[in-house]
Amino acid sequence: MSRSKGRRYDTEAKLNVKKVIAVIIALLVIAMFIIGLRELLKEQDNIKDKTFITAYYPIYENGKWGVIDTKQNTVIQPTYDEMIIIPDNSKPIFVCTINANYETGTFETKVLNEKGKELYTNYDKVEVLYNNDKQNNLWHEADMLKVQKDGKYGLIDLNGKELVAPQYDEIKALIGIKNVAKTIKDGKEGIVNNIGAEIVPNEYEEVSVIYEKYENGFIVKTKERKIWSNKFKWTKGIRSKI
């Protein structure tokens, strides 16, 4: 009896061990399935994040301006009196106007990123470069900003790279023409482009564009009122004097 009983207990013990092992294997399979599912979902989320392009837009709420993105996230809280300018809505660069005085026409600016950090603080003022066409439609350059330091003006790109050092008395848009700017120094005009290259040096009383396209060249004028058509032409990134 004792041996038969012992054998029965031994069999039961072996069966219990097999059950435990089977349960452990099942749990491991389930755990591996869950981990694999999580990784798959994470990979799909990453694919969605990569394919979904985030863009930024100004928003107006309760009389104040802020910024939202295409995921409906509030990036900049609506706390500004003036509309926030976004030079390129695919990049988190936001030009905010503060301390505007309408009587004197003066204002200050600060540039923020999507985390609310202030950028380009080494300049006294950072502005977008406004322009307009013949129908007076207002627009601004999307890839360069006008900066001021110690009373002089220069240009930077949206990454903060200095295209033109602050050395000019003024920098203006060339009306109706994109990707270039008119520079004024000591009363003389010149032209630079959106990568900071000098197309026309500051040697002329007036500079204008030919046929509404800067690629066609410029007309420059001196005190003697002499006019040269197509004197400077921008071709494949190289300024040529004709």
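For the reader, a short list of remarks on this structure follows.
- Least to most buried among Leu145, Leu174 (fewest other Cβ within 10 Å first): Leu174, Leu145
- Prolate/oblate/rounded call for region 73-158, Cα gyration tensor, a/c under 1.5 rounded: rounded
- The ranking of Ile68, Ile175, Ile53 from fewest to most other beta carbons within 10 Å of each one's beta carbon is Ile53, Ile175, Ile68.
- Taking amide H positions as modeled 1.01 Å from N, with prolines and chain starts lacking one, the residues under 5 Å from Leu129 and 5 or more places away or on another chain are Glu141, Lys146.
- Cα-Cα over 29 Å, subset of Lys125/Lys182; Lys125/Lys178; Lys64/Lys117; Lys64/Lys161; Lys115/Lys146: Lys64/Lys161
- Cross-link reach is defined here as a Cα-Cα straight distance under 20 Å, omitting same-chain residues fewer than 8 places apart; for Lys221 the aspartates and glutamates meeting it are Asp169, Glu170, Asp186, Glu189, Glu198, Glu203, Glu205, Glu206, Glu212.
- Our coupling estimate for region 132-143, obtained by passing each phi through the Karplus curve with A = 6.51, B = -1.76, C = 1.60 and θ = phi - 60°, is 8, 9, 5, 8, 6, 6, 8, 8, 9, 5, 8, 10 Hz, Gly and Pro reported as x.
- The H on the amide N of Val209, modeled in the peptide plane, is under 5 Å from the matching H of Ile219, each at least 5 residues off or on a different chain.
Since every read-out is calculated from the coordinates, none of them should be taken as a lab result. For clarity, every value in this text was computed on a predicted model and none was experimentally measured. All Cβ positions, even for glycine, are placed from backbone atoms using ideal geometry, and neighbour counts span all protein chains on display.
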